[in-house]
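What follows is calculated from the coordinates using simple rules that are stated; it is not laboratory data. Here the structure is a predicted model, which means the values were calculated and not measured. Please note: Cβ atoms are built from the backbone with ideal geometry, for glycine as well, and neighbour counts cover all protein chains shown.
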């Protein structure tokens, strides 16, 4: 099991979260912000490896 795509997907999720947070003017604080953060990183972690497998 290659873990590298999962790491990259998680990093992409974190980057998207910070960009989104910056655009919103840092309003994503507290529980709601954390839920969005976790869902984005999970989506990145799940879908990014699938994209890599399709490209191979």
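Taking 30, 13, 44 as the candidate residues, the one with maximal mean-square fluctuation in a Gaussian network model of the chain, Cα springs under 10 Å, is 30. Extending 7 Å from Cα along the Cβ direction at residue 21 and again at residue 53 yields two label points whose distance is 3.1 nm.
Between residue 6 and residue 35, the C-beta separation translates, for a Förster distance of 25 Å, into a calculated FRET efficiency of about 0.80.
Using the rule -39500 (n - 2.57) for each DSSP H run of four or more residues, divided by the residues of the chain, the 222 nm mean residue ellipticity is -29000 deg cm²/dmol. If you run the Gaussian network model on the chain, springs between alpha carbon atoms under 10 Å, then out of 23, 36, 11 the most flexible one is 23.
If you work out percent of Cα pairs over 15 Å apart from the coordinates, which of (1) 49; (2) 64; (3) 39 do you get? The calculated read-out lines up with (1).
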